[in-house]
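The values are calculated or read from the model by the stated rules, or taken from the named source; none is laboratory data. No experiment lies behind these values; they were computed from the predicted model shown. Because the Cβ atoms are built from the backbone with ideal geometry, glycine has one as well, and the counts that use them run over all protein chains shown. All accessible areas refer to the heavy atoms of the entire protein, side chains included, with ligands and DNA or RNA removed. Shrake-Rupley method; radii C 1.70, N 1.55, O 1.52, S 1.80 Å.
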Amino acid sequence: MDTQSFLFSVFCFLFYFLSGEPQVVEGTRLSWTSSPFGFKPKMLFAFGDSYADTGNTKIAVTRSWHFPYGITFPGKPSGRFSDGFVSTDFVAGYLGMKTPIPYRWRKQLSGRVKYGLNFAYGGTGVFDTLVAEPNMTTQIDFLQQLINDSVYTKRVLRTSVALVSLAGNDYSYYLETNGSATAFPGFIQSVVNQLMVNMKRIHDLGVRKIGVMSLIPLGCTPQNTAGSSFQRCNETENDLVMLHNNLLLQAVNTLNQQTNSTLFFIIDLHNAFSTVFNGTETHLGSPTFENPFQPCCFGVTEGFFCGSVDENGEKKYTLCSNPKTKLFWDGNHPTSEGWRAIYSTPAFQNTLKQFID
């Protein structure tokens, strides 16, 4: 990539952060999923950001606790960054278990802790971001403290698996704080290196298998296609995504070599998204979307987002009549139906099998 193209990518790469105290929505088992294979995990832990968060992020720092989020499920905002279900719900359903409750509700719902916990916080990364919530290292610290407090033992954790989500907030923060174009590849390497450290630490705490999601084609999110009336992806940005994913593959291979195992693996979110974008295949009744780049809920002008209201309480966003017809809910997050379509692709299904092989 030449310098001019790379500089252009920096200005185009300012995607909105994948970034509460309403009642928690307890996990639900998705009815169309099951676990027909040999190893049946008894606990699921989730780490990361808004692609996995089911209600940890506080109302003061996120729109996910405000209307119209949650209008499909559970019919009101639940802290999920969607109109309904998110990736954690689908992975839990695939494993035949209920969605793990958010970490912040562990005391109120202590009886559910034995099924795992969701430590993910929207807007966070492996490093600190502009969102004042726990980064991934701190999220793993929470699990460490629960082990120290004898909530979990290593023997029990051997029946658990972990879902790790990194959807790009570190890169948003880097650019928002004027990170240089020439240093960007090195920063991507540092992010993946820290992610590798985090996955190894989760394993060392006793979790049996760790699946980490690859980055989606970020240049194709509505936040980045809005300038072309939701018609064209930013392919330069997608090149940067491929650098991240290639480095992530190397990191996972290294971890498996170090442990002489196949306990670490990539959940192929990138190819799953690409399949849905291209509309080339449908599986398990998954829908096709007429314009996969156009979101259901979006700000009326630059500076407004899904759920935005002005000082008079007037809404400053448009909302589609049927979220099931849209892949994306807002500028960066899929609808519940979008997640179901992604979940139904061979790329996603085939990599999920590694949780239970």
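Worth a mention:
- Enumeration of residues in the range 309-339 that are in contact with a strand residue (DSSP E or B) (Cβ under 9 Å, 6 or more places away or on another chain) and open to solvent by 20 Å² or more (accessible area, probe 1.4 Å): VAL309, LYS315, LYS316, THR318, LEU319, CYS320, LYS326
- Residue within the range 275-295 that is closer than 19 Å to PHE67 by Cβ and open to solvent by less than 70 Å² (accessible area, probe 1.4 Å) present: yes
- The listed residue being open to solvent by 10 Å² or more (accessible area, probe 1.4 Å) and in a loop (DSSP other than H, G, I, E, B), out of THR99, THR72: THR72
- Criterion (of a type in the set (S, T, N, Q) and at pLDDT below 65) met by exactly one of SER31, SER50: SER31
- Selection from the range 36-76 of residues that are closer than 30 Å to ARG208 by Cα and β-branched (Val, Ile, Thr): THR54, THR57
- Across the range 126-166, the number of residues qualifying as open to solvent by less than 10 Å² (accessible area, probe 1.4 Å), of a type in the set (A, V, I, L, M, F, W, C) and closer than 15 Å to GLN194 by Cα comes to 5.
- For the range 261-291, the set of residues classified as at pLDDT below 95, more than 18 Å from the chain's Cα centre (by Cα) and not β-branched (Val, Ile, Thr) consists of SER261, ASN278, GLY279, GLU281, HIS283, LEU284, GLY285, SER286, PRO287, PHE289, GLU290, ASN291, listed by residue number.
- Residue in the range 17-25 that is open to solvent by 10 Å² or more (accessible area, probe 1.4 Å), at pLDDT 90 or above, among the β-branched types (Val, Ile, Thr) and more than 20 Å from SER160 (Cβ to Cβ) present: no
- Any hit, the range 230-244, residues being surrounded by fewer than 18 Cβ atoms within 10 Å (Cβ to Cβ), within 18 Å of the chain's Cα centre (by Cα) and farther than 30 Å from LEU146 by Cα: yes
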